[in-house]
Every structure is written in structure tokens, then in C-alpha cells.
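The values are calculated or read from the model by the stated rules, or taken from the named source; none is laboratory data. Just so it is clear, the model here is predicted, and its values are computed rather than measured. We place every Cβ from the backbone using ideal geometry, glycine too, and count neighbours over all the protein chains shown. The area values use the complete protein model at the heavy-atom level, side chains included, leaving out ligands, DNA and RNA. Shrake-Rupley method; radii C 1.70, N 1.55, O 1.52, S 1.80 Å.
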Amino acid sequence: VKDVKALVLHKVGEISVNQTDNIIISAFINVTTVGIVSNYTLITSTVNTFVNIAFNGTIGSLGNLFATSDKEKQYQVFRAMDFVDFWIFSFSSIAMFSLVQPFISLLWGREYTLPVTVLALIILNNYMLGQRITVNNIKVAGGLFVQDKYLPIIQGVVNLLVSIVLASRWGLIGVYIGTIVSGCVPSLIRPYIVFKYLLKRSVVRYYLEYVVRILFTSVMALFCYFST
């Protein structure tokens with residue numbers, strides 16, 4: 001019963017995070033911008049759907065792993081999956097940052113493209129979402145639902161408040177900064193919970209690698225973008 005109640009909170013928070021951006025954009029900017037943004041969202045969500053199918057299929061095996069193997073084996077499997085997660089989303093983020101603008105220009109016209117700063121924030125948010133897949137799957141496989149049951153609600157509130165404040169000043173850029181700031185909440189808290197309750201290790205190394213990977217992906221994305 002506790003797990004079901006926690007899952008309800010998770011679902012409510014997830015909906016509040018994913019569905020409020022379009023409302024804020026239409027309220028503070030205009031409805032036309034929502035349509036333009038949806039073109040970018042369609043591309044990123046399509047890529048994520050294919051990747052999520054592969055990763056979500058591992059949850060059953062991960063549950064068996066945590067039920068039958070020792071902590072060292074669990075940690076090594078986590079690191080391997082986390083690296084694959086990073087490689088896939090780093091590659092896709094770099095590719096999308098370089099190719100999405102010309103693709104949309106070719107398909108719908110240049111008037112339907114967004115400024116490159118907004119594109120960078122969209123790709124960064126998508127990358128952060130992707131980097132949380134392994135941690136989220138490990139958490140689900142280990143049955144950790146109660147420990148962070150209020151986290152999605154907190155994330156939704158942070159997203160709403162920061163996005164509204166910044167959207168009134170910076171427009172679309174402010175909306176996505178708010179989304180990225182709210183995404184930092186689960187990116188920091190959920191790994192700590194997984195390492196504390198499941199892997200029984202310090203989470204410091206994970207945080208350091210997370211920062212290094214973001215910097216590496218950002219540098220490579222900029223290099224590829226300005227090389228084309």
C-alpha cells in the first residue's frame with residue numbers, strides 16, 4: 001500500500017513537470033511558439049522512445065540481479081549500464097544539436113526554427129533526462145518507491161515557479177532554464193538514494209563522472225556544430 005501511494009505521487013509529479021512547459025509558453029509568449037517547440041519535442045521524444053524500450057526491458061533482469069548477487073556485482077553492472085546510457089545519449093545529443101536545425105529548415109522552413117541558445121537548452125534537458133534512465137531503472141528494480149515519494153512533487157513546484165519567474169524576463173529561454181533547474185533535483189537526489197540503500201557505496205564518484213560527462217558532451221556538441 002505504501003508503494004502504491006508513493007507511485008501515485010510519482011505519477012502526479014511527472015505529469016506536472018512534463019505538461020506545464022507548454023502552458024507557460026502559451027501564457028507568457030504565444031501559442032505559435034508552442035507549435036514550433038512541438039517540432040523539436042517530436043524529434044527528441046521519438047529518439048528517447050526507442051532508447052527507453054531497450055533500457056526498460058532490463059528492469060526485470062536488474063530485479064533478479066539485486067535479489068541473487070552481491071553488491072560488487074551489482075555495482076559493476078550499474079557502471080556498465082550507466083556508461084552505455086551516457087554513450088547513447090551523448091551521441092544522440094551531439095547529433096541532434098548539429099542536425100535538428102537544418103532538418104527542420106528542410107522539412108518546414110527556416111521560419112519554424114528556434115534560436116540556437118534555446119536549442120542548446122532543449123538538448124541539455126533531454127540529455128539530463130537520458131542520463132537518469134539507469135538510476136531510475138535501478139531504483140525501480142530495487143523497489144525504492146517510498147524514499148523519494150515527494151521528490152517529483154518538489155520537482156514540479158520548482159519547475160513551475162522558476163519557469164514562471166524567468167519566462168516573464170527571458171521568454172522561452174527562461175522556461176527551459178526552469179525545466180533544467182528542476183531536473184537537477186532528481187539528478188542529485190535519486191543517485192544518492194540508490195547508492196545509499198541499494199549499492200551501499202559513496203555517491204561522490206558518480207557525481208564527478210556526471211559533471212565530466214556533461215562537459216565532454218557539451219564541448220563535442222559545440223565542436224561538431226561549428227564544424228558543419
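List of remarks:
- Among (1) modelled with pLDDT under 95; (2) surrounded by fewer than 21 Cβ atoms within 10 Å (Cβ to Cβ), the one test that residue 208 misses: (1)
- Failed item in (1) under 22 Å from residue 187 (Cβ atoms); (2) open to solvent by 80 Å² or more (accessible area, probe 1.4 Å), with residue 49 passing the rest: (2)
- Some residue of region 131-142 being over 18 Å from the mean Cα position of the chain (by Cα), buried (at least 17 other Cβ atoms within 10 Å of the Cβ) and within 28 Å of residue 90 (Cα to Cα): yes
- Qualifying residue in region 3-17 (condition: more than 15 Å from residue 175 (Cα to Cα) and outside any helix (DSSP H, G or I)): no
- The listed residue being surrounded by 13 or more Cβ atoms within 10 Å (Cβ to Cβ), among the aromatic types (Phe, Trp, Tyr) and within 19 Å of the chain's Cα centre (by Cα), out of 192, 197: 192
- Pairs, first in contact (Cβ under 8 Å) with a residue 40 or more places away in the chain in region 8-24, second assigned to a helix (DSSP H, G or I) and open to solvent by 80 Å² or more (accessible area, probe 1.4 Å), C-beta under 8 Å, six or more apart: 13/154
- Some residue of region 70-86 being part of a helix (DSSP H, G or I), open to solvent by less than 50 Å² (accessible area, probe 1.4 Å), of a type in the set (Val, Ile, Thr) and modelled with pLDDT of 85 or more: yes
- Conditions (1) in contact with a Gly (Cβ under 9 Å, 6 or more places away or on another chain); (2) free of Cβ contacts under 8 Å to residues at least 24 places away in the same chain: number failed by residue 46: (1)
- Residue check for residue 54: open to solvent by 50 Å² or more (accessible area, probe 1.4 Å), at pLDDT 90 or above and over 19 Å from residue 183 (Cα atoms): no
- Of the helices (runs of 4 or more DSSP H) lying entirely inside region 126-228, those carrying at least 1 residues that are free of Cβ contacts under 8 Å to residues at least 24 places away in the same chain are 151-170, 172-194, 204-227.
- Options 12, 17; residue that is out of contact with any strand residue (DSSP E or B) (no Cβ under 6 Å at 6 or more places or on another chain) and surrounded by fewer than 18 Cβ atoms within 10 Å (Cβ to Cβ): 12
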